[in-house]
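Scroll down for the structure; my scribbles are underneath it.
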Amino acid sequence: MEEDLISQFGAPDAPYCNPETAKIAIIPAPLEYSVCYMEGTRMGPQAILNASSQMELYDEELDCCPIEAGVYTYPVLDYNGMDHATALKTTGDAVRHALAQGQIPLTLGGEHSLSAPVIEAVHAQYPDLTVVHIDAHGDLRDEYEGTPLSHASIERRVVDMGIPLLEIGIRSFSPEEAAFMKTQPDVAIVWAYQLAKGLAHIPWERLSKHTYVTIDLDAFDPGEMPAVGTPEPGGLSWYQVLDLFQEINKRSCIVGMDVVELCPMDGQTRADFLAAKLVYKMIGYRLFSK
Ligand SMILES: [Mn+2]
């Protein structure tokens with residue numbers, strides 16, 4: 001029996017996923033070009049959509065159904081026959097389209113390299129943008145495996161765009177990145193060990209008026225989120241990530257988001273469900289929390 005493919009995040013009633021009135025644009029981006037350790041992140045967006053149909057749509061913390069604000073899911077992007085650079089451009093174009101409709105884009109990955117064209121599109125509209133990057137990895141290499149488009153270089157591309165960067169949850173960093181970071185006053189890093197030991201001082205004063213939040217699911221501890229391409233021990237917990245997101249949302253206006261690197265695994269539907277619920281919590285906090 002074939003599994004039903006869910007096309008609208010949360011599978012809501014029609015009025016709540018009307019593209020004319022939606023406040024949030026979900027953009028499923030099944031990009032997979034440079035993933036190195038484990039394959040399958042191209043299956044991530046559809047797995048999140050399918051899992052989202054199993055969620056309750058009432059949020060007990062916010063005492064409302066965030067989906068009723070309008071969440072429209074665009075058709076899953078089709079990268080068939082495209083090279084990596086063309087696929088990235090297509091992803092940026094989709095986000096530009098959503099921004100032009102007045103929607104807040106929330107892209108589902110797919111590999112992390114998709115964030116570069118997406119952030120570029122959001123930055124064009126909000127020139128004062130700060131990027132908050134929640135991840136196990138710094139992703140600050142100038143290039144990786146011969147390409148500057150790699151998922152391992154995504155935040156280096158953000159630095160190249162002149163955008164201030166705050167990285168949180170990092171616990172896998174190369175010597176090259178460490179040397180680079182020390183030359184970059186606009187890059188701040190909060191390490192996972194500092195969070196775990198209660199030593200973290202998060203420099204929230206670095207946030208500007210508008211913020212883009214990118215969440216690589218490997219930021220979570222692999223015990224909670226096993227289905228990622230490059231798991232790292234010592235990660236963040238569910239409530240830690242939600243608290244961070246809420247804190248960003250309190251201090252700045254979040255104008256774009258992504259959740260990337262889900263790599264669905266047989267027998268680990270909890271991981272798909274965590275990703276779907278994370279997306280829904282982000283939508284709820286963004287639209288309804290103070
Ligand atoms: Mn990562």
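The values are calculated or read from the model by the stated rules, or taken from the named source; none is laboratory data. This structure is a prediction, so every number in the text was calculated from the model and none was measured. Heads up, the Cβs are rebuilt from the backbone with ideal geometry, glycines too, and the neighbour counts pull from every protein chain shown.
Return the residues of region 160-201 that are farther than 24 Å from residue 246 by Cβ and touching a strand residue (DSSP E or B) at 6+ places or on another chain (Cβ under 6 Å); say none if nothing qualifies.
172, 181 - these are the residues of region 160-201 that are farther than 24 Å from residue 246 by Cβ and touching a strand residue (DSSP E or B) at 6+ places or on another chain (Cβ under 6 Å).
Which condition breaks for residue 55 when tested against (1) farther than 19 Å from residue 105 by Cα; (2) free of Cβ contacts under 8 Å to residues at least 24 places away in the same chain?
Here residue 55 clears every test but (2).
Somewhere in region 134-154, is a residue away from the ligand (no atom under 16 Å from the Cβ) and either crowded, with 19+ Cβ neighbours inside 10 Å or among the aromatic types (Phe, Trp, Tyr) (or both)?
Residues of region 134-154 away from the ligand (no atom under 16 Å from the Cβ): 142-143, 146-148.
Imposing the further condition that a residue be either crowded, with 19+ Cβ neighbours inside 10 Å or among the aromatic types (Phe, Trp, Tyr) (or both) reduces the set to none.
Looking through region 134-154, none of the residues is away from the ligand (no atom under 16 Å from the Cβ) and either crowded, with 19+ Cβ neighbours inside 10 Å or among the aromatic types (Phe, Trp, Tyr) (or both).
What's the number of the condition residue 211 fails, among (1) in a loop (DSSP other than H, G, I, E, B); (2) more than 13 Å from the ligand (Cβ to nearest atom); (3) within 20 Å of residue 26 (Cβ to Cβ)?
(1)
From the residues in region 100-133 that are part of a helix (DSSP H, G or I) and hydrophobic (A, V, I, L, M, F, W, C), which one is farthest from the ligand (Cβ to nearest atom)?
Initially, region 100-133 is screened for residues part of a helix (DSSP H, G or I), giving 100, 112-125.
Among the residues that remain, those that are also hydrophobic (A, V, I, L, M, F, W, C) are: 100, 114, 116, 118-119, 121-122, 124.
Details: 100: 30, 114: 13, 116: 14, 118: 16, 119: 16, 121: 22, 122: 20, 124: 25 Å.
Filtering region 100-133 for residues that are part of a helix (DSSP H, G or I) and hydrophobic (A, V, I, L, M, F, W, C), the one farthest from the ligand (Cβ to nearest atom) comes out as 100.
Is one or more of the residues making up region 241-256 more than 16 Å from the ligand (Cβ to nearest atom), part of a strand (DSSP E or B), over 22 Å from residue 109 (Cβ atoms) and of a type in the set (A, V, I, L, M, F, W, C)?
Looking for residues that are more than 16 Å from the ligand (Cβ to nearest atom), part of a strand (DSSP E or B), over 22 Å from residue 109 (Cβ atoms) and of a type in the set (A, V, I, L, M, F, W, C), one finds at least one in region 241-256, hence yes.
Which residue pairs have Cβ atoms under 9 Å apart, sit 6 or more places apart or on different chains, and have a first residue in region 187-209 that is surrounded by 15 or more Cβ atoms within 10 Å (Cβ to Cβ) and a second that is among the basic types (Lys, Arg)?
Listed pairs, sorted by first residue: 188/206; 191/171; 192/171; 207/251.
For residue 248, all conditions in the list (1) surrounded by 17 or more Cβ atoms within 10 Å (Cβ to Cβ); (2) more than 26 Å from residue 125 (Cβ to Cβ) hold save one; what is the number of the exception?
Condition not satisfied by residue 248: (2).
Out of curiosity, is residue 178 among the aliphatic types (A, V, I, L, M), in contact (Cβ under 8 Å) with a residue 60 or more places away in the chain and assigned to a helix (DSSP H, G or I)?
No; evaluated as a whole, the condition is false for this residue.
Which residue pairs have Cβ atoms under 7 Å apart, sit 6 or more places apart or on different chains, and have a first residue in region 216-228 that is touching a residue at least 24 places away in the same chain (Cβ under 8 Å) and part of a loop (DSSP other than H, G, I, E, B) and a second that is within 13 Å of the ligand (Cβ to nearest atom) and among the charged types (D, E, K, R)?
Taking only residues 6 or more apart or on different chains, not a single pair turns up.
Of all residues in region 223-239, count the ones that are more than 16 Å from the ligand (Cβ to nearest atom) and either in contact with a helix residue (DSSP H, G or I) (Cβ under 8 Å, 6 or more places away or on another chain) or closer than 20 Å to residue 151 by Cβ (or both).
First, the residues of region 223-239 that are more than 16 Å from the ligand (Cβ to nearest atom): 223, 237-239.
Narrowing further to those that are either in contact with a helix residue (DSSP H, G or I) (Cβ under 8 Å, 6 or more places away or on another chain) or closer than 20 Å to residue 151 by Cβ (or both): 238.
Residues meeting the conditions: 1.
For region 99-115, name all the residues that are within 19 Å of residue 129 (Cα to Cα) and either more than 16 Å from the chain's Cα centre (by Cα) or without any contact (Cβ under 8 Å) to a residue 12 or more places away in the chain (or both).
The answer is 99, 100, 102, 103.
Only residues that are in a strand (DSSP E or B) and either over 18 Å from residue 95 (Cβ atoms) or modelled with pLDDT under 95 (or both): list them for region 1-59, please.
The one that is in a strand (DSSP E or B) and either over 18 Å from residue 95 (Cβ atoms) or modelled with pLDDT under 95 (or both): 59.
Might you let me know whether region 155-166 holds any residue that is within 16 Å of the ligand (Cβ to nearest atom), touching a residue at least 40 places away in the same chain (Cβ under 8 Å) and not β-branched (Val, Ile, Thr)?
Scanning region 155-166 turns up at least one residue that is within 16 Å of the ligand (Cβ to nearest atom), touching a residue at least 40 places away in the same chain (Cβ under 8 Å) and not β-branched (Val, Ile, Thr).
In region 265-280, what residues are surrounded by 18 or more Cβ atoms within 10 Å (Cβ to Cβ) and either within 16 Å of the ligand (Cβ to nearest atom) or more than 16 Å from the chain's Cα centre (by Cα) (or both)?
271, 274, 275, 278
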